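Here's the structure we're looking at; comments come further down.
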Amino acid sequence: RVPAAGLRQDPRNRRAHLIDINSWIDQGRLTVEWTFGSNHHSPDTIAALAQRFLDELTRLIAFGRRSVPDGHAGFAMAGLDADALQVALAQVSFHGAD
């Protein structure tokens, strides 16, 4: 994996939203990145929101497993099986930015 090149946005620019949530799948691993301004939200608030997101995503996975005969076909287009998604969900993190 290539390390990040630096800041994604000039610190002098204002973000369009108070919370930015970006997600991607790389080598079968789901990454969800939460970026927020600490002058608007505390890390604890974002952590609670991220946990709610994780809980809902886990519910969605469980629903998919009940609804699809092989248990994870709904994630096949993303190249992600249910076990890989569970591993990724255990590694959800967030980042604060001013």
Inset, instruction - Identify the residue in the range 10-66 that is in contact with a Gly (Cβ under 8 Å, 6 or more places away or on another chain) and within 21 Å of L85 (Cβ to Cβ) and, among all such residues, is modelled with the highest pLDDT. - result: I25
Legend entry - Hey, S93 in contact with a strand residue (DSSP E or B) (Cβ under 9 Å, 6 or more places away or on another chain) and either part of a helix (DSSP H, G or I) or modelled with pLDDT under 85 (or both) or not: yes
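Residues in the range 16-35 that are aromatic (F, W, Y) and surrounded by 15 or more Cβ atoms within 10 Å (Cβ to Cβ): how many? Let's see the steps before the verdict.
So the first thing to find is which residues in the range 16-35 are aromatic (F, W, Y), and the list is 24, 34.
Now restrict to residues that are surrounded by 15 or more Cβ atoms within 10 Å (Cβ to Cβ): 34.
Summing the residues that are aromatic (F, W, Y) and surrounded by 15 or more Cβ atoms within 10 Å (Cβ to Cβ) in the range 16-35 gives 1.
The values are calculated or read from the model by the stated rules, or taken from the named source; none is laboratory data. Computed from a predicted structure; not experimentally measured. Counting neighbours? That spans all protein chains shown, and the Cβs are built from the backbone with ideal geometry, glycine included.
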